[in-house]
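What follows is a set of notes on a single structure, which appears directly below.
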């Protein structure tokens, strides 16, 4: 649809100016098509890996979803190279659109970092409590540390209000500017979908997902709609949580209740706890790297735009 829309705009422009087509006129539309196709392959693969009968999401699966964010940034950078339209050539409105989106993304990434820090402390407390149990220490002392991993605090209903920005409707563009807008729009949709679902599972509340869905203008027309159709409704209807965390909390409940727990079950719990910790540490590193990358791109864009003035 995007390519067709671009083609129609290009056709009107050619007729208006009555000029002959140039050899590279199809380049922008084909480059946009390649941009969408490459990302779609990753989205489709993730959708295939998602078990339809699963009621809750797997953290290990979602880690791969988060890996989409640096990928789409690189693909967008390649798109700009393919159409020979670096950020230094963008018009003022495109600069504003990109800066608004990335500022929102930076705030969301900060929220994710805060949640991951909370979960890290909870995991360390659990590990210490389990050590006390294994060393035959006082169960009452261990119980102070053996607590279920709770959602990352209360969710603020004001979350995301500052993200609502002018969407640019009515601002007619064509050619390379249209390619830039469509690319940023797709980055925004995928970025906010991933972060919204992740935050909802960390908060145990669908509000982050719903808020960022609203900010993105919905996901129906985005490439990410393939996955959203599978999990969006489930996410809203029940308290979201990752399956690995649910398993850990169920084991802790049995242990604290005094139920007999076999040694092999305890060892499995230790392994699960370590695996979850490793995933959270890896995602935390990815969040930091993405934050730095976005900041670098913002700085380059602002510096280049100021030089033009």
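Every number in this text was worked out from the coordinates using simple rules, so none of it is lab data. Remember, predicted model here, so these are calculated numbers, not experimental data. Methodologically, a virtual Cβ is constructed for each residue, glycine included, from the backbone with ideal geometry; neighbour enumeration extends over all protein chains shown.
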Next item on the list: Could you order peptides 273-285, 182-194, 57-69 by the average number of other Cβ atoms within 10 Å of their residues, highest first?
Entry: 182-194, 57-69, 273-285
Notebook entry, point to check: Given labels modelled 7 Å from the Cα in the Cβ direction, how far is it in nm from residue 292 to residue 48?
Noted result: 3.4 nm
Next item on the list: Order these peptides, 201-214, 220-233, 287-300, by their mean beta-carbon neighbour count within 10 angstrom, highest first.
Entry: 201-214, 220-233, 287-300
Notebook entry, point to check: Label points 7 Å out from Cα along the Cβ direction at residue 274 and residue 250: separation in nm?
Noted result: 2.3 nm
Item checked: Spin-label model distance (nm) - residue 127 vs residue 41, 7 Å beyond Cα toward Cβ -> 3.8 nm
Next item on the list: Determine the equivalent ellipsoid of the stretch 187-309 by diagonalising the alpha-carbon gyration tensor, then write out the semi-axes as square roots of 5 times the eigenvalues, largest first, rounded to whole Å.
Entry: 38, 21, 10
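Quote the relative contact order of the stretch 89-153 in percent (integer), defining contacts as alpha-carbon pairs under 8 Å separated by 6+ residues.
28 percent
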